[in-house]
1. Name the residue that is nearest to GLN31 (Cα to Cα), counting only residues in segment 158-186 that are surrounded by 13 or more Cβ atoms within 10 Å (Cβ to Cβ) and more than 17 Å from the chain's Cα centre (by Cα).
2. Go through segment 167-201 and give me each residue that's of a type in the set (Ser, Thr, Tyr) and either at pLDDT below 95 or assigned to a loop (DSSP other than H, G, I, E, B) (or both).
3. Filter segment 81-117 for residues that are under 24 Å from TYR167 (Cα atoms) and part of a loop (DSSP other than H, G, I, E, B) and give the result.
4. Please list, ordered by first then second residue, the pairs with beta carbon atoms under 7 Å, 6 or more apart or interchain, first in segment 158-184 and over 16 Å from GLN106 (Cα atoms) and among the β-branched types (Val, Ile, Thr), second at pLDDT 95 or above and not in a helix (DSSP H, G or I).
5. Of everything in segment 42-77, what is touching a Ser or Thr at 6+ places or on another chain (Cβ under 6 Å) and over 25 Å from THR166 (Cα atoms)? Give them in sequence order.
6. Is it the case that some residue within segment 69-80 is among the hydroxyl-bearing types (Ser, Thr, Tyr), modelled with pLDDT of 95 or more and either touching a helix residue (DSSP H, G or I) at 6+ places or on another chain (Cβ under 9 Å) or outside any helix (DSSP H, G or I) (or both)?
Amino acid sequence: MARGKFITLEGGEGAGKSTQAKKLAAYLKGQGIKTVLTREVGGTETAEAIRKLWLSQDEGCWDKLAELFLIFAARREHLTKVIWPALERGTWVVCDRFMDSTRAYQAKAGPIEELYRMTAGKFAPDLTLLLDTPEDISMERVRARGGWQDRYDLKEAKFHRALRKTYRALAKKYPRRIKIVDARNDADHVAGDVQAIVGKLFRLKT
């Protein structure tokens, strides 16, 4: 049986990752592909518990290295209990955030790449879709969905601007894996762009 494909969606707050992850999973299922939809930080009962603990605390509560350990503990649980078993079964996995979020949000927190190698070895997504939006649009979308939900939403515009810059730098560093999607348009338009990229790369029926 052929190994499944691992597709991640990345981007700043309000970029539409969760919406597009759901739409992509539905598209793949419509192609007759067994698909698991999941997210980070989270994806298993234990990883979701870590997520709740992590995000419930004010910024500065955690030592930066301890915070990284929480994230990677959740990731290891996610990989071993959900992602890797699904891929081995031939199931495709669509994940709302993965390692690139850690690179973007915790860039200065500690030995990120070393911890990733310890957690996941050389494993990497087959495709990462970077939903790219200017910070003013992202922040307006966060307001429209009901206000600030966690400490990252609460950051000022300069934080979100720097976050976008970091994500775009990652796209330049990993051009074969990361594809930028203009996420300024409405959700259905963006979904069409996402499906075009996925369909072309994996030679799916149009």
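1. Checked segment 158-186; the qualifying residue nearest to GLN31 (Cα to Cα) is ASN185.
2. Residues of segment 167-201 of a type in the set (Ser, Thr, Tyr): 167, 174.
TYR174 - this is the single residue of segment 167-201 that is of a type in the set (Ser, Thr, Tyr) and either at pLDDT below 95 or assigned to a loop (DSSP other than H, G, I, E, B) (or both).
3. ARG97, PHE98, GLN106, ALA107, LYS108, ALA109, GLY110, PRO111
4. The qualifying pairs are ILE178/THR128; ILE178/LEU130; ILE180/LEU130; ILE180/ASP132; VAL181/LEU129; VAL181/LEU130; VAL181/LEU131; VAL181/ASP132.
5. The one that is touching a Ser or Thr at 6+ places or on another chain (Cβ under 6 Å) and over 25 Å from THR166 (Cα atoms): GLU77.
6. Initial filter on segment 69-80 (among the hydroxyl-bearing types (Ser, Thr, Tyr)): 80.
Filter again for modelled with pLDDT of 95 or more, leaving 80.
Checking which are either touching a helix residue (DSSP H, G or I) at 6+ places or on another chain (Cβ under 9 Å) or outside any helix (DSSP H, G or I) (or both) leaves us with none.
Looking through segment 69-80, none of the residues is among the hydroxyl-bearing types (Ser, Thr, Tyr), modelled with pLDDT of 95 or more and either touching a helix residue (DSSP H, G or I) at 6+ places or on another chain (Cβ under 9 Å) or outside any helix (DSSP H, G or I) (or both).
The values are calculated or read from the model by the stated rules, or taken from the named source; none is laboratory data. On a predicted model such as this, the values are computed, not experimentally measured, just so you know. Because the Cβ atoms are built from the backbone with ideal geometry, glycine has one as well, and the counts that use them run over all protein chains shown.
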